[in-house]
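Accompanying notes for the structure given below.
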Amino acid sequence: MIPVKSKNELKKVKQAGVIVAKTLKFLAGKVKPGVTTKELDADAALFIEKSGGKAAFLGYHGFPAHICVSINEEVVHGIPSGRMVRNGDIVSLDVGVELEGYFADAAITVPVGKISKTAQRLLKITKDALYKGIAAARCGRHLSDISFAIQNYVEKTGFSVVRDFVGHGIGLKLHEEPQIPNFGKPGQGVKLEAGMVLAIEPMINAGGYEVEILPNGWTAVTRDRKISAHFEHDICITDSVAEIFTI
Ligand code: MG
């Protein structure tokens, strides 16, 4: 069962989404050579608190920080540390916020200084893939139409779609039904209905799609250690185009 939210619930999830979006925008301005990922985490913690929300990732299944910061070959779930951001890096920031019991979650990948041509292309294609997925998220279409739209677009570029992590429903919990893979055949899964809130989050690798988990038990990196990017929005299915909540 995929939860369909009431008008009031949707309003609350959107309010949490606005805080997520503002936090990401704020953090993007802080990502500069020399900053440590721990400093970004502290900045995020303060910003979210001042906005009236709670960092939803802190303590989630034991996650030890407020946000995820994943650099270069790190795909997702990078743990903030003393690692310094450097010129030429790409830095994925993933932020989740709880506001009065409602949840939102989004991610962006930002370039640091001068990045390679491949990195520039990867960022553009990953962001475009997210919007292809959002465009496919229409009332009456099937869940896997989103998955197919993303995979079909990305694989034509020569990049690959991560299999081991997927998008998800969101709103009353950080992760709800359904799972939303970024790959698959069209026309499968439930029919989308107005009032569903979905986190769509393509994770795209410059090399192969395989990932592995570092010994810290959290951070996923590409097996071939080539770079990876991640963009995510929470969207609400409506009678026409989906509404983006994390903007
Ligand atoms: Mg998510």
statement: For residue 75, other-chain or 5+-apart residues with amide H closer than 5 Å (H placed, Pro excluded) are 220, 221, 222
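Find the relative contact order for the chain and round it to a whole percent, using C-alpha pairs within less than 8 Å whose residues are 6+ positions apart.
Details: 652 pairs, mean separation 57.9, N = 247.
Relative CO of the chain lands at 23 percent.
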query: Ignoring any ligand, DNA or RNA, what whole percent of the accessible area of the chain comes from carbon and sulfur when the probe is 1.4 angstrom?
result: 55 percent
query: Quick one: accessible area per residue over the chain, 1.4 Å probe, rounded to a whole number of Å²?
result: 44 Å²
Listed pairs 11/124; 5/173; 132/185; 22/127; 30/124; 14/50 exceeding 24 Å between Cα atoms: 11/124
message: With n ≥ 4 as the cut-off for DSSP H runs, can you work out [θ] at 222 nm for the chain, using -39500 (n - 2.57) per run divided by the number of residues, rounded to the nearest 500?
response: -9500 deg cm²/dmol
- request: For residue 110, list long-range residues whose amide hydrogen, built 1.01 Å from N in the peptide plane, is under 5 Å from its own amide hydrogen.
  value: 91, 92, 93
- request: With a bin width of 5 angstrom, please list the P(r) values of the stretch 181-230 as percents of all Cα-Cα pairs, from the 0 bin to the one holding the largest distance.
  value: 4, 15, 19, 20, 14, 12, 11, 5, 0
statement: Given 25 °C, 0.890 mPa s and a Kirkwood radius over Cα pairs, the Stokes-Einstein diffusion coefficient of the stretch 7-244 in µm²/s is 139 µm²/s
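The values are calculated or read from the model by the stated rules, or taken from the named source; none is laboratory data. Worth saying up front: this structure is predicted, and the values here are computed from it rather than measured. Quick note on the areas: whole protein, heavy atoms, side chains included, nothing else; ligands and nucleic acids left out. Shrake-Rupley method; radii C 1.70, N 1.55, O 1.52, S 1.80 Å.
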